[in-house]
Structure formats: C-alpha cells, structure tokens
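To start, the structure under review is shown below, and the notes come after it.
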Amino acid sequence: MKKTLCCILCVIFICIGLTSCKQNIYPLSSTQLMMDTVISIKLFDGDSDALDGAVSLCKRYDMLFSKTVATSDVYKLNHAGGQPVTVEDDTAYLLEIAVDISEKSNGAFDPTVLPLVSLWDVTNSEAPPKDSHITAALKSVDYKNIIIDGNTVTLLNGATVDLGGIAKGFIADKVKEYLKAKGVESAIINLGGNIMLIGNKDGEDFSVGIQKPFGKENELSATACLTDKTAVTSGIYQRYFEANGKIYHHIINPESGYPTDNGIAAVTVIAESSAIADGLSTACLNLGATESAALLKQYGAEAIFITTDGELILTDGLTQSIDKGDITVSLKQ
Ligand code: AMP
Ligand code: MG
C-alpha cells in the first residue's frame with residue numbers, strides 16, 4: 001500500500017514538473033544561420049511548436065529557392081538547358097511576383113541578373129570584372145526570358161534565375177501566414193534584416209531600427225514604429241568590396257551590368273507583403289527616390305531612402321519626428 005502511494009505521489013510530482021517545464025517564457029525565440037544570413041523569430045505569444053514549425057518552414061523554402069542545392073527548383077531551372085521544368089506552386093507563384101515587379105519597374109528588378117551576380121561575386125572578389133565579361137553576361141539578362149505556364153517554367157535564351165532579391169520576403173510572408181494560423185498574434189520575424197511583424201507588442205507599435213549605412217554596429221539612421229507590417233531594406237553597405245577607392249556592392253543595375261551608383265545608400269520599403277517589399281527594395285535602390293515614387297504607389301507601399309550623404313527621403317505616406325537627434329518614422333494616419 002505504502003509503495004503504491006509512493007508511486008502515485010511520484011507520478012503527480014513528475015506531472016507537475018512536466019507541466020511547469022511546458023510553461024512558456026516570452027519571448028520564445030530561435031536564431032539560426034540560414035539563407036546565407038542570420039534569421040531570428042521571436043514570439044510574444046503562442047508556443048514552442050509554432051516556433052519550431054516556423055523554423056522548419058524557413059528550412060524547407062531555403063532548400064526550394066537555393067541556387068546551389070541540386071534538388072531546388074531554382075537549381076533545376078538553371079540547369080535545364082532551356083527545357084520546360086515543373087516547379088512547385090510556391091516557386092511558380094514567387095516567379096510570377098518577381099516578373100510582375102520586373103515589368104512594373106522596367107527591369108530595375110530582374111531575377112535573371114544571375115550571370116552578373118556570379119561575375120561580380122562581391123563577397124569573394126577584390127577587383128571589378130573586365131568590361132568584355134560584363135557585356136557577355138548582360139546578353140542573357142532579361143526577365144522577358146522567363147515563361148510561366150501554370151507550374152511549368154521555361155527559361156529562354158540562356159537565362160538563369162536568382163531569387164535572392166525577393167525570396168526572403170516571400171518566406172517571411174509564408175512564416176507569418178503559418179504563425180497566424182497557429183494563433184500567434186504578436187511576433188517579429190527577422191530574416192537577415194528583412195522584418196515582418198505580426199500585430200504589435202501590448203498595444204504599442206514595434207520599433208524597427210533602420211541601420212545607418214556604413215555605420216557602427218547597431219548605429220541607426222532612424223527607427224520605424226510599425227504594427228503588423230513588413231519593413232525590408234536593401235543597402236549598398238550590406239555586401240561589398242572596395243577597389244580603387246570605390247565600393248562595389250551586391251545590387252546590380254541590369255542595364256549597365258555594374259553595381260548601382262546613384263547616390264542612394266539604402267532603401268527601406270514598408271508594406272503589407274514582404275515579397276513585394278523585398279522585390280521593391282531592390283528595384284527602388286536601382287531607381288532612386290524620384291523614379292520609385294510611381295512604382296511604390298502601384299503596390300500601395302511606402303519607403304525611406306537614405307542617400308550616400310546620410311539624408312533621409314520619405315514617401316508621401318510617411319511622417320517623421322525628431323527627438324534629441326533621433327529620428328522616428330511612422331505611417332501617416
Ligand atoms: P536585396 O538585398 O533584397 O536587395 O537583394 C540583393 C540580391 O538580389 C543580390 O545579392 C542578388 O542575389 C540579387 N540581385 C542583385 N541585383 C538585382 C536586381 N537588379 N534585380 C533582382 N535581383 C538582384
Ligand atoms: Mg530585395
């Protein structure tokens with residue numbers, strides 16, 4: 001009898017122990033190296049299953065859109081020698097968004113820019129490539145070579161695709177959709193600086209820091225106060241090498257074949273959809289503030305441009321306030 005009571009008590013204590021272990025301490029967060037960058041997901045409600053599921057989703061999409069993994073849709077497309085390839089629904093849809101932004105930006109965003117990205121290889125290079133090589137690479141750069149027919153995609157005229165300018169945004173949208181379906185109402189999804197917000201924090205906007213181009217770590221040009229939106233930054237300071245006193249960065253002007261050099265150091269696009277904001281941030285960095293205005297309007301997006309002189313240029317739907325030199329940007333009501 002004594003033995004039985006002892007066993008029951010043990011089971012009760014173990015159960016209490018397990019229950020208290022399961023209690024969530026917020027934020028629940030996970031930081032991982034993925035997509036060639038650091039990703040972090042922070043939940044202010046929900047549970048660890050939702051967090052684990054979100055991380056798994058990122059891994060799955062990373063494998064689908066990778067340029068180097070032989071089983072990825074992007075790899076299959078780039079190695080099909082111009083033959084039609086059956087891709088997953090998500091890949092076909094992402095390519096459709098990419099082509100739409102390419103069309104509306106007149107090719108300032110162009111996912112067929114891969115030969116130039118590979119030629120410049122800014123993370124490993126020490127000198128610019130030869131002009132003749134740039135001219136040769138430019139020949140297969142044209143988004144019109146992407147033919148999408150349902151799930152069948154064909155790349156014409158030797159074109160190859162690089163979804164690096166838009167994939168993180170798409171994945172952020174998918175992670176948000178997933179977490180919301182799991183009941184999460186407050187979270188920050190940060191895919192290498194590509195920020196997607198779910199709701200806000202205890203009724204207050206989230207603060208999104210906008211990094212100062214070429215500044216010290218954590219040095220900000222501004223802070224954006226946002227609820228349930230995405231903020232995606234493209235910047236010439238993110239990946240680059242220096243040669244002959246010049247910066248050669250990772251965002252290529254598909255017309256010239258050279259890294260963009262137009263006096264814009266960074267663009268942060270604020271929108272509902274992160275895929276759209278990601279594609280637009282790359283396009284707008286190429287276009288500059290004036291030319292971007294109409295494009296941003298077509299997608300109902302706003303943007304903060306930072307010039308190489310450190311000046312901030314805001315689109316019409318944004319407002320800024322300055323307190324002791326700190327700039328806070330918010331959406332106009
Ligand atoms: P982001 O940081 O979103 O602006 O994306 C930059 C990445 O997109 C680069 O590392 C390239 O892989 C790719 N890329 C570079 N230039 C372009 C361009 N003009 N259009 C589309 N993708 C680009
Ligand atoms: Mg982008």
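No lab work stands behind these numbers, since they all come straight from the coordinates. Computed from a predicted model, the values in this text were never measured in an experiment. Ideal geometry is used to build each Cβ from the backbone, glycine not excepted, and the neighbour counts take in all protein chains shown.
Summary of values
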item	result
Stokes-Einstein D for segment 181-333, Kirkwood Rh over Cα pairs, 10 °C, 1.306 mPa s (µm²/s)	100
Cα point-scatterer Debye curve for segment 222-292, base-10 log of I(q)/I(0) at q = 0.13, 0.21, 0.25 Å⁻¹	-0.40, -0.90, -1.14
Segment 260-333: translational diffusion in µm²/s, Stokes-Einstein, Kirkwood Rh over Cα pairs, 4 °C, 1.567 mPa s	103
Listed residues Gly192, Ser221, Leu95: farthest to the positive end of the dipole of the chain (Cβ charges)	Gly192
C-alpha long axis of helix 48-65 to longest principal axis of the chain, angle in °	20
Segment 123-175 - Rg (one decimal) and Dmax (whole number), Cα, Å	15.1, 42
Relative contact order, percent, segment 67-122 [alpha-carbon distance under 8 Å, six or more residues apart]	17
Exposure rule at most 10 other beta-carbon atoms within 10 Å, DSSP loop GluC sites (Glu not before Pro): the chain longest free segment	1-125
Cα-based Kirkwood hydrodynamic radius, segment 100-238, one decimal, Å	17.8
Kirkwood Rh and Cα Rg combined as Rg/Rh, segment 19-131	1.09
Cα-Cα over 22 Å, subset of Lys180/Lys229; Lys67/Lys144; Lys201/Lys324; Lys67/Lys176	Lys201/Lys324; Lys67/Lys176
Gap separating the Cα centres of segment 202-281 and segment 306-331, nearest whole Å	14
Viscosity 0.692 mPa s, temperature 37 °C, Stokes-Einstein D of the chain from Kirkwood C-alpha radius, µm²/s	154
Within segment 286-333, trypsin sites (Lys or Arg not before Pro) in DSSP loop having at most 14 other beta-carbon neighbours inside 10 Å	Lys324, Lys332
Positive-end extreme of charge dipole, segment 205-273 - chosen from Thr260, Gly235, Ile247 (charges on Cβ)	Ile247
Sum of -39500 (n - 2.57) over DSSP H runs of 4+, divided by residues of the chain (222 nm, nearest 500)	-11500 deg cm²/dmol
Hull-based mean projected area of segment 46-90, where the convex hull spans the alpha carbons, in square nanometres	3.6
More than 15 Å apart - percent of Cα-Cα pairs taken over segment 139-210	67
